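*Asks:* Sharing a structure with you now.
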Amino acid sequence: MKILVINSGSSSLKYRLIEMTDESVLAKGVADRIGIGNSFLKHSGKKDVIIEKDMPTHETAIKMVLEALTDPDHGVIASADEIAGVGHRSVASGENFTKSTLIDAEARKELENIIELAPLHMPACIMGIDACMEVMPNVPHVCVFDTSFHNTMPDVAKLYGIDYEDYKTLKVRRYGAHGTSHNYISEITAEIIGKKDFNLVVCHLGNGASLSAVKNGKCMDTTMGFTPLEGLIMGTRSGDIDPSVVQFLCQKKGWDVSKAINYLNKQCGVKGISGVSSDFRDLIAAAEEGNARAQLAIDMFSYRVKKYVGAYAAVMDGVDAIVFTAGIGEHTPEVRERVLSGLTYLGVDFDNELNYNCKIKDYVELSTPNSKVKVFIMPTDEEVVIARETKLVANFND
Ligand code: ADP
């Protein structure tokens, strides 16, 4: 059985076709620059190809994707009928979607209600869903939410210190994000350790970055909040900040609030601090050449991660395992070294030579046999979680 996973952005549509019998990736790619001109499809299937073609809408994009998947030269299936179901990623969920959901008329209507909670992300997600349902009306479409894994957070972690009535009526609370990744990493770590009852800190460090505290397989806390702006310092996002800064910036720069929020999302983080780049490869190279602001950005990023590791050890009464994943977590030893150094009070002992010289296949264990805390580097796989959830919700039997 084959499941198509779709991750739809405002001007892009990423896809992956997964064979569920062995969870192998048959094809993947991205339709890029949708609706903004010079659009192209980058596809890896039987062959890697880049196809330049006008894609004014998400519907034209998904049609292009299906053409690529069924193309005799670079496609991987004979007909679109081989696709049994489609899984859609949604960043936000609101309070009413607590788990992955089949998109029927009622669910589709409810998705509209989330737009105001996540105006940056939801319109694109809905556009992708509508386009795919229009082009593939006869298969189940399932929405998988980035927030679901965090639903187990207790109120003490989930609520903000604001008027409780505002939480009740306006649903303003911490929702978290990257839940599919935190879920995947928790399950794989439990398999490696051979039990479920342990305290885990998952460090998902990519362009967007978040930590979660996972106790006995359940999320207890996470760094992202009402939106993915809260928590760690990220590629271009500020992370935690005093909200009064928004008012001050607006006054001083003559901005309105949405301009300030856009600035905190897109112009800040390590990009803003370094003035060099949001990409850690550029930051490491610049720091090695003596760029002090690039070094500061790396240090600040790592400091914030370490601070939350300590916070989560406190709320869980200790930590048994720490896992690094996503682009920076997997590929930037300089960050891992800074986070792990000085965690001796927790009992962390790690092999720093291995940290700088490891090749990751399934996972690498960085902790030494003396360490009280297991430390792993592990690739994440959000798409496979979405495909598994789609299979489960659509009630497919192999
Ligand atoms: P996202 O999916 O949130 O866009 P990724 O998980 O791809 O982010 O992570 C992007 C970050 O990971 C960038 O800062 C990039 O520099 C870093 N990264 C990715 N691959 C490598 C690599 N091979 N070496 C060093 N850093 C890498």
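Since every read-out is calculated from the coordinates, none of them should be taken as a lab result. All values reported here derive from a predicted model rather than from experimental measurement. Every residue, glycine as well, gets a Cβ built from its backbone with ideal geometry; the counts of neighbours run over all protein chains shown.
*Asks:* Could you state the angle between the C-alpha long axis of helix 122-135 and the longest principal axis of the C-alpha atoms of the chain, as a value from 0 to 90 degrees rounded to the nearest 10?
*Replies:* 30 degrees
*Asks:* Ratio of alpha-carbon Rg to the 2.2 N^0.38 Å globular estimate for the chain, to two decimals, please.
*Replies:* 1.00
*Asks:* I'd like to know which of ALA311, VAL335, VAL385 lies farthest towards the positive end of the charge dipole of segment 276-398, counting +1 on Cβ of Lys and Arg and -1 on Cβ of Asp and Glu.
*Replies:* Toward the positive end, the furthest listed residue is ALA311.
*Asks:* Starting from the Cα-Cα distance between LYS259 and ASP166, subtract it from 0.36 nm times their residue separation and give me the gain in nm to one decimal. Let's see the in-between values first.
*Replies:* Working: separation 93, 0.36 × 93 = 33.48 nm, distance 2.41 nm.
Working it through step by step, the gained length comes to 31.1 nm.
*Asks:* Once the Cα atoms of helix 58-70 and of the chain are each reduced to a long axis, what angle between those two axes, in degrees from 0 to 90 to the nearest 10, is obtained?
*Replies:* Rounded to the nearest ten degrees, it is 80.
*Asks:* Counting other beta carbons within 10 Å of each residue's own, what order do GLU334, GLU23 fall into, fewest first? Can you show the working numbers first?
*Replies:* Values: GLU334 20, GLU23 13.
If I rank by nearby Cβ atoms, fewest first, I get GLU23, GLU334.
*Asks:* I would also like to ask the following. Which of VAL5, ALA92, TYR167 sits farthest toward the positive end of the charge dipole of the chain, with +1 on the Cβ of Lys and Arg and -1 on the Cβ of Asp and Glu?
*Replies:* About the Cα centre, the residue reaching furthest to the positive side is TYR167.
*Asks:* Cα extents of segment 213-268 along the three principal axes, largest first, in whole Å?
*Replies:* In descending order, the Cα extents are 49, 20, 14 Å.
*Asks:* Might you report the magnitude of the Cβ-based charge dipole of segment 261-316 about its Cα centre, with Lys and Arg at +1 and Asp and Glu at -1, to the nearest 20 debye? Could the numbers behind the result be given before it?
*Replies:* On the way: 7 positive and 5 negative charges, 58 e Å.
Using only the charged Cβ atoms, the result is roughly 280 debye.
*Asks:* Can you find, among GLY35, GLY239, LEU111, the residue sitting farthest towards the positive end of the charge dipole of the chain, where Lys and Arg contribute +1 and Asp and Glu -1 at Cβ?
*Replies:* GLY239
*Asks:* Report the charge-dipole magnitude of segment 237-277 in Debye, nearest 20, computed about the Cα centre from +1 at each Lys and Arg Cβ and -1 at each Asp and Glu Cβ. Working shown, then result.
*Replies:* Details: 6 positive and 3 negative charges, 39 e Å.
Its charge dipole is roughly 180 debye.
*Asks:* Using alpha carbons only, how many angstrom separate the centre of segment 363-389 from the centre of segment 123-200?
*Replies:* 19 Å
*Asks:* Can I ask one more? Distance between Cα centroids, segment 267-317 to segment 204-260: provide it in whole Å.
*Replies:* If we compute the Cα centre of each part, the gap is 14 Å.
*Asks:* Nearest 5 percent is fine: what portion of the DSSP beta bridges confined to the chain is antiparallel? Could the numbers behind the result be given before it?
*Replies:* Numbers: 41 of 60 bridges.
Here the share of antiparallel DSSP bridges comes out near 70 percent.
*Asks:* Still on this structure: Cβ neighbours within 10 Å, averaged per peptide: list 47-54, 176-183 in order, most packed at the top. Intermediate values should be presented prior to the final figure.
*Replies:* Working: 47-54: 12.2, 176-183: 27.0.
For the peptides 47-54, 176-183, the packing ranking is 176-183, 47-54.
*Asks:* Could you give the nm distance between label points at GLU67 and GLN267, where each point is 7 Å from its Cα heading toward the beta carbon?
*Replies:* That separation, rounded to one decimal, is 4.0 nm.
*Asks:* While we're on this one: When the chain is fully extended, how far beyond the present Cα-Cα distance does ILE241 get from ILE192, taking 0.36 nm per residue of separation? Mind showing how you got there, number by number?
*Replies:* Working: separation 49, 0.36 × 49 = 17.64 nm, distance 3.66 nm.
Answer, rounded to one decimal: 14.0 nm.
*Asks:* Give the angle, between 0 and 90 degrees and rounded to the nearest 10, that separates the Cα long axis of helix 382-393 from the longest principal axis of the Cα atoms of the chain.
*Replies:* 60 degrees
*Asks:* To continue, here is another question. Residues in segment 18-46, backbone N under 20 Å from the label point at ASP54 (7 Å along the Cα-to-beta-carbon vector): list them, ranges by number please.
*Replies:* Only 31-42 pass the distance filter.
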